[in-house]
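Report on one structure; see the data block that follows.
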């Protein structure tokens, strides 16, 4: 995949993370559209390598716990975000 297509896919993943995951609660704040792009890159890599829903969910929970210092997030249901990411995966 070309760099521009990868970047476009990561932007879409970042938008999904902002709209449906958003553990930092930043989506209502201006100029936070790219807050989750570093994580979108990780999710993209996992998706193109055929990562399972369990693996993607574990990665999101790991990010919440270790990088965002929200250990309570491990109990969050990620079904909706995983469903949206899987739909997006079909387009990348």
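The values are calculated or read from the model by the stated rules, or taken from the named source; none is laboratory data. From a predicted model like this one, the values you see are computed outputs, not experimental measurements. For neighbour counting, all protein chains shown are included, and Cβ atoms are generated from backbone atoms with ideal geometry for every residue, glycine included.
Within segment 59-85, restricting attention to residues that are in a helix (DSSP H, G or I) and over 14 Å from residue 21 (Cβ atoms), which residue is nearest to the chain's Cα centre (by Cα)?
The qualifying residue nearest to the chain's Cα centre (by Cα) is 66.
List the residue pairs whose Cβ atoms are under 6 Å apart, where the first residue sits in segment 2-13 and is closer than 19 Å to residue 84 by Cβ, the second is in a helix (DSSP H, G or I), and the two are 6 or more positions apart or on different chains.
The qualifying pairs are 9/44; 10/40; 10/41; 10/44; 12/88; 13/40; 13/43; 13/44.
From 25, 34, which residue is modelled with pLDDT under 90, on the phi > 0 side of the Ramachandran plot and not in a helix (DSSP H, G or I)?
25
Just a yes or no: is a residue in segment 45-53 without any contact (Cβ under 8 Å) to a residue 24 or more places away in the chain, assigned to a helix (DSSP H, G or I) and within 14 Å of residue 85 (Cα to Cα)?
Yes, because at least one residue in segment 45-53 is without any contact (Cβ under 8 Å) to a residue 24 or more places away in the chain, assigned to a helix (DSSP H, G or I) and within 14 Å of residue 85 (Cα to Cα).
Of everything in segment 64-77 that's closer than 13 Å to residue 39 by Cα and in contact (Cβ under 8 Å) with a residue 40 or more places away in the chain, which residue is surrounded by the most Cβ atoms within 10 Å (Cβ to Cβ)?
64
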